[in-house]
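The values are calculated or read from the model by the stated rules, or taken from the named source; none is laboratory data. Model, not experiment: these values are computed from the prediction. Neighbour counts are summed over all protein chains in view; Cβ atoms, including those assigned to glycine, are modelled from backbone coordinates with ideal geometry. Protein only, heavy atoms only, side chains kept; ligands, DNA and RNA dropped before computing areas. Shrake-Rupley method; radii C 1.70, N 1.55, O 1.52, S 1.80 Å.
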Amino acid sequence: MSSFPVIRHEMEYVCTKCNAHHSIDELLYTCPNCGGVLLLNDKDFDEHKKISGKKWQEIFDERRATNCQALKGIFRYYEFMAPVLEEEDIIYLGDGHSPVITASKALREDLGIDFAFKHEGQNPSASFKDRGMAGAFSYLKSMVRRHGWSNILTVCASTGDTSAAAALYGAYVGDPIKTVVLLPEGKVTPQQLSQPLGSGATVLQIPGVFDDCMKVVEYLAAHYRVALLNSKNSWRILGQESYAYEVAQEFRWDMKNKALFVPIGNAGNITAIMSGFIKMKKLNIIEELPRLFGVQSHHADPVYQYYHQNRENRIYHPVQVKASVAQAAMIGNPVSFPRVQKLAAEYEALGGDFNVVQVTEQAIMNAMIIANRNGHIACTQGGECLAGLVAAKEQGKITHEFAILDATAHALKFAGFQEMYFENAFPPEFGVIPKESLQNRPHTIIAKERKDALSYEEFVEETAHNIAQFMDLAQK
Ligand SMILES: *Cc1c(COP(=O)(O)O)cnc(C)c1O
Ligand SMILES: [Zn+2]
């Protein structure tokens, strides 16, 4: 059975802006020379080429059955992510290997397209953010071990799920790590807020939106000794690459005629997914890159606006976000945009196809409700992917491909938007009008006063009769 790999490589941060290289032996989030965003580079990556693509497939396929705890989660693909960590550093809380569920027959027939959801809500804190946190916390743990740090404060700004994941991993690791999360007051759902509170993190709120929180934690990280856990932290990107490896493995390493749909917020996830596929292509683990579609709401679409322009003279502008049900992706100035630019160019140079589609708030909500009425557990961002698939098909961008939609979090985290839909209670700024046929409400089948007036046996009998009548049941 697989034991922990023995190979160790040298890694370094590389600046996406000035290309400077920096040691990974310090906590770095931006380039000290120019302030650019960083990516992690495996200096010995080419060593991996000594092993054939076929052999790598076998290694990972065999590792599916491992009993080694450190390799059970996202680090099944250890060699491609962080071959600098020791087994004792790795934190596994059940992250990764989320199920890929073929869309229900009715749903596929209705839309006239074959597709599946990858249900990322089945990660431990109920979103894909756990992948990145497993990466970031494992690295942090290795730093604590090697430097003998006696206390370390982690901070993150969050649209909800990052803080839930950070607080969970922080709580598990415990001493000397303490977790602080910074949230935009009133802009995370009650379920998401309950998560860091329940994990015992210090929860701070400020007025504003995510972009404001991000500015504050960036200032903190630049001036104080704290560990930043936003996706600016490139160890999170590495952890999130696992999504790409899992998708490839799930489809037997065959990405021909596959199209992935991923919601874009701060753009960390799409960056990680591109990076993962690029590595697999370079190592001949996959023959073809899948087509990749980022999806953004028209209320928060800076990446769409950029890629929508003529290729020759694209200019990037942050946008002012408007109210969005895809609240976890409601970001006007994505931190990872420079990473997307760099990797999308590389993706295309390797023969891949990168697109961004735009969808309406209305389409997102309808799609989420429809997905869940068909046995899926899509959050609003999962709905965004489905809406993106429908838009791509309408625009003729998807014809025969099999699509894999990233349902990035559990539906329960966004139950409030479902309720607004069912109760027709969206504030006007969302611009969402529910479809009556998709609304659902509980029915009171017997009045309280009636119950009080009856004996218990009569109550049971009358209630059963009412149900039979309501549902038009036949007598036995
Ligand atoms: C964070 C998040 C996103 C956006 O991902 P980015 O990496 O910020 O682009 C989408 N959906 C959910 C549920 C999230 O938590
Ligand atoms: Zn730089």
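Overview of values
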item	result
Distance from segment 85-161 to segment 305-340 (C-alpha centre basis), Å	23 Å
Under 18 Å from K118, Cα to Cα: aspartates and glutamates that are on another chain or at least 8 residues apart	D95, D130, D161, E241, E246, E250, D254, E384, E401, D406
Positive-end extreme of charge dipole, the chain - chosen from V216, I364, I377 (charges on Cβ)	V216
Greater than 23 Å apart at Cα, pairs in K281/K393; K17/K279; K256/K279; K43/K342; K232/K393; K187/K413	K281/K393; K232/K393
Dipole of the chain [Lys/Arg +1, Asp/Glu -1 at C-beta], most positive-end residue of N440, P290, Q205	P290
Helical contribution to [θ] at 222 nm, DSSP H n ≥ 4, -39,500 (n - 2.57), averaged over the chain, rounded to 500	-11500 deg cm²/dmol
Length-normalised contact order for segment 235-287 - Cα pairs under 8 Å, 6+ apart - percent	52 percent
Stretchable slack from D175 to E423, in nm (0.36 nm times residue separation minus alpha-carbon distance)	84.8 nm
For T360, net neighbour charge (Lys/Arg +1, Asp/Glu -1) across residues whose Cβ lies under 11 Å away	-3
Relative compactness, segment 272-349, computed as alpha-carbon Rg over 2.2 N^0.38 Å	1.23
Whole-number accessible area per residue in Å² for the chain, which is evaluated in the context of all protein chains at 1.4 Å	43 Å²
E312 versus R108: modelled label distance in nm, points set 7 Å from Cα along the beta carbon direction	4.4 nm
Point-charge dipole on Cβ atoms (K/R +1, D/E -1) for the chain, about Cα centre, debye to 20	800 debye
FRET efficiency, 1/(1 + (r/R0)^6) with R0 22 Å, evaluated for K322 and A415 via beta carbons	0.50
Spatially proximal aspartates and glutamates relative to K49 (Cα-Cα < 13 Å; intrachain offsets below 8 disregarded)	E79
Gain on full stretching of the segment that runs from K476 to S194 - 0.36 nm per residue minus C-alpha separation	96.8 nm
Portion, in percent, of the accessible area of segment 14-142 that falls on carbon or sulfur, probe 1.4 Å	44 percent
Solvent-accessible area of H119 with every protein chain in place, 1.4 Å probe, in Å² to the nearest 10	10 Å²
Largest to smallest accessible area among I370, I433, I264 [probe 1.4 Å]	I433, I370, I264
Rounded FRET efficiency, nearest 0.05, which uses the C-beta distance separating W149 from V216 and R0 of 35 Å	0.90
Sequence-separation-based contact order of the chain, relative, with Cα cut under 8 Å and 6+ spacing, percent	15 percent
Inter-probe distance in nm under a simple model that places probes 7 Å from Cα toward Cβ, at L454 and E47	7.5 nm
Positive-end residue of T189, A344, A126, charge dipole of the chain with Cβ unit charges	A344
Distance between modelled label sites at E86 and C18, nm, 7 Å Cα→Cβ extension	3.5 nm
Unpaired by the 4.7 Å Cβ criterion, cysteines found in the chain	C68, C156, C213, C379, C385
Apportionment of accessible area to carbon and sulfur, segment 281-324, percent (1.4 Å)	42 percent
Nonlocal amide H pairs with F115, under 5 Å, H built at 1.01 Å	A103, A403
Sequence of L183, L111, L473 when ordered by accessible area, the most exposed leading, probe 1.4 angstrom	L473, L111, L183
